[in-house]
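The values are calculated or read from the model by the stated rules, or taken from the named source; none is laboratory data. Nothing here was measured: the structure is a model prediction, and the numbers come from that model. Note that each Cβ is placed from the backbone with ideal geometry, even for glycine, and that neighbours are counted across all protein chains shown.
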């Protein structure tokens, strides 16, 4: 187990089990860039932990926690492809989708859950990233948050 994954466990989180058989890969390596597919807020067994629109069915606080789970799942997908999270040089860009009630306008606060976890895990030098937070009317499985990211890998 690498140091990053151990730190994640020390923070109280467990990477999900790798899922196989999908038509879409969890991440795609292109040169030293890794494009991580959108990941939702399921638990380590693949069960959706939160469901519904933020501002109606899901509170801001729950959505913040959902965004943290998206980070855990994205890191799990990343590890499944690159083998070891120690290979991550830095988090470059994050795009978050928030399944929002029509009167909910606090998408950036939801996405702070994702960002806060990555900065705590990788430190500010490697964890701080460019980010967009988009409100949407629907997400797959009625999940409240889905997030994708781009990371760079250390030179081999």
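Below, the figures for the structure above:
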quantity: Test: residue 54 is crowded, with 16+ Cβ neighbours inside 10 Å and in contact (Cβ under 8 Å) with a residue 40 or more places away in the chain; calculated: yes
quantity: Odd one out for residue 22, checked against (1) more than 24 Å from residue 98 (Cβ to Cβ); (2) modelled with pLDDT under 95; (3) surrounded by fewer than 19 Cβ atoms within 10 Å (Cβ to Cβ); calculated: (1)
quantity: Which listed residue, of 48, 33, 95, is over 23 Å from residue 6 (Cβ atoms) and over 16 Å from the mean Cα position of the chain (by Cα); calculated: 33
quantity: Count of residues meeting criterion [out of contact with any strand residue (DSSP E or B) (no Cβ under 6 Å at 6 or more places or on another chain), within 14 Å of residue 80 (Cβ to Cβ) and part of a loop (DSSP other than H, G, I, E, B)] in the range 25-42; calculated: 1
quantity: Residue check for residue 133: touching a strand residue (DSSP E or B) at 6+ places or on another chain (Cβ under 9 Å), farther than 22 Å from residue 1 by Cβ, crowded, with 21+ Cβ neighbours inside 10 Å and in contact (Cβ under 8 Å) with a residue 24 or more places away in the chain; calculated: yes
quantity: Some residue of the range 110-128 being over 20 Å from residue 10 (Cα atoms) and crowded, with 22+ Cβ neighbours inside 10 Å; calculated: yes
quantity: Qualifying residue in the range 35-44 (condition: more than 27 Å from residue 22 (Cα to Cα) and either without any contact (Cβ under 8 Å) to a residue 24 or more places away in the chain or out of contact with any helix residue (DSSP H, G or I) (no Cβ under 8 Å at 6 or more places or on another chain) (or both)); calculated: no
quantity: Options 74, 67, 63; residue that is surrounded by 22 or more Cβ atoms within 10 Å (Cβ to Cβ), modelled with pLDDT of 95 or more, under 16 Å from residue 137 (Cα atoms) and touching a strand residue (DSSP E or B) at 6+ places or on another chain (Cβ under 7 Å); calculated: 63
quantity: Any chance residue 90 is under 18 Å from residue 29 (Cβ atoms) and either touching a residue at least 60 places away in the same chain (Cβ under 8 Å) or buried (at least 21 other Cβ atoms within 10 Å of the Cβ) (or both); calculated: yes
